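Peer 1: Dumping the structure here so I can ask a few things about it.
Every read-out reported here was derived from the displayed coordinates using simple, explicitly stated rules and does not represent laboratory data. Computed from a predicted model, the values in this text were never measured in an experiment. All Cβ positions, even for glycine, are placed from backbone atoms using ideal geometry, and neighbour counts span all protein chains on display.
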Amino acid sequence: MRLFFAVDLPDRLADDVAAVQDRLRDAEGLRFTDPAQAHLTLKFLGDVDTDRVEELETAAREAISNAEVEHEDGTVAPVEPFEAEVGGLGVFPSVEYISVVWAGFRTGEAELTALHEALEAETTALGFDPEDHEFTPHVTLARMDDARGKEIVQEAVTETDPTIGRFRVEDVRLKESILTPEGPEYDTVARFELS
């Protein structure tokens, strides 16, 4: 099973994700993600034996109960359900060499980062590989297979600031990525509520 931990965007934001993708439709060489499956990956695990799912569920519950966020006033508190706003555009790895086009988070970044760090700690303790790059909360909109439409993407990223919308983050999900000829499909294996 190809597994990852994620926060799903609600179905009601699918049209808003699609509207932002539409701004990039003229960019050749882009492969768009399915707006109905929009999500933020907190931790990618890769291929995992089915018999390890239970220990991953235990690790997720532990991570979520340990995740803490520092507020502006300096106080530290557990991560509880919170509001997040998705908006703005960015690219990986750089605006000169684009492989992924994404929408970022205007609010909720501190909580999402805390959840990522807690999941990272628990899963690496189980022997999963640590991330090899800094965590940037984002929703992947498209992948660039070749650079034919690079200028259109560069212009959109530097000159527009679209808003996808706000939603309440109430849970983290363990998801399976099933590769199909039409692209990946994501199934929820387990759900962990923020308390």
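Peer 1: Treat the count of other C-beta atoms within 10 Å as a stand-in for reagent exposure and order Lys175, Lys150 from fewest to most.
Peer 2: Ascending number of Cβ neighbours within 10 Å: Lys150, Lys175.
Peer 1: About its Cα centre, how strong a charge dipole does the range 37-120 have in debye, to the nearest 20, once Lys and Arg get +1 and Asp and Glu get -1 at the Cβ?
Peer 2: Value, rounded to 20: 340 debye.
Peer 1: Moving to a separate point now. What is the range 109-195 by shape, rounded, prolate or oblate, if you read a ≥ b ≥ c off the alpha carbon gyration tensor as root eigenvalues and call it rounded for a/c under 1.5, prolate for a/b larger than b/c, and oblate otherwise?
Peer 2: Values: a/c = 1.74, a/b = 1.50, b/c = 1.16.
In terms of gyration-tensor shape, prolate.
Peer 1: If you don't mind, there's one more thing I want to ask. Using amide H atoms built in the peptide plane, which far-off residues or other-chain residues are under 5 Å from Leu42 H to H?
Peer 2: Phe5, Ala6, Val7
Peer 1: Averaging the inverse of every distinct alpha carbon separation and then flipping it gives the Kirkwood radius. What is it for the range 14-157, in angstrom units? All intermediate terms of the calculation are to be shown ahead of the outcome.
Peer 2: On the way: mean 1/r = 0.0591 Å⁻¹.
Evaluated on the range 14-157, it is 16.9 Å.
Peer 1: Starting with the fewest neighbours, write out Phe4, Phe135 ranked by other beta-carbon atoms found within 10 Å of each beta-carbon.
Peer 2: Fewest-to-most Cβ neighbours within 10 Å comes out as Phe135, Phe4.
Peer 1: May I pose another question? With labels modelled as points extended 7 Å from the Cα through the Cβ direction, what inter-label distance (nm, one decimal) is found for Glu83 paired with His71?
Peer 2: The answer from the label model is 1.5 nm.
Peer 1: Also, quick follow-up: Over what distance in Å are the Cα centres of the range 18-75 and the range 133-195 separated?
Peer 2: With the range 18-75 and the range 133-195 each reduced to a Cα centre, they are spaced 8 Å.
Peer 1: Can you work out ³J(HN,Hα) from phi for every residue in the range 63-70, in order, using Karplus 6.51 cos²θ - 1.76 cosθ + 1.60 and θ = phi - 60°, giving whole Hz and x for Gly and Pro?
Peer 2: Each residue of the range 63-70 in turn: 4, 5, 6, 8, 5, 10, 10, 8 Hz.
Peer 1: Can you list the residues, at least 5 places off or on another chain, whose amide H is less than 5 Å from the amide H of Leu141, using H built in the peptide plane?
Peer 2: For Leu141, whose amide H was placed from the backbone, the distant partners under 5 Å are Val101, Trp102, Ala103.
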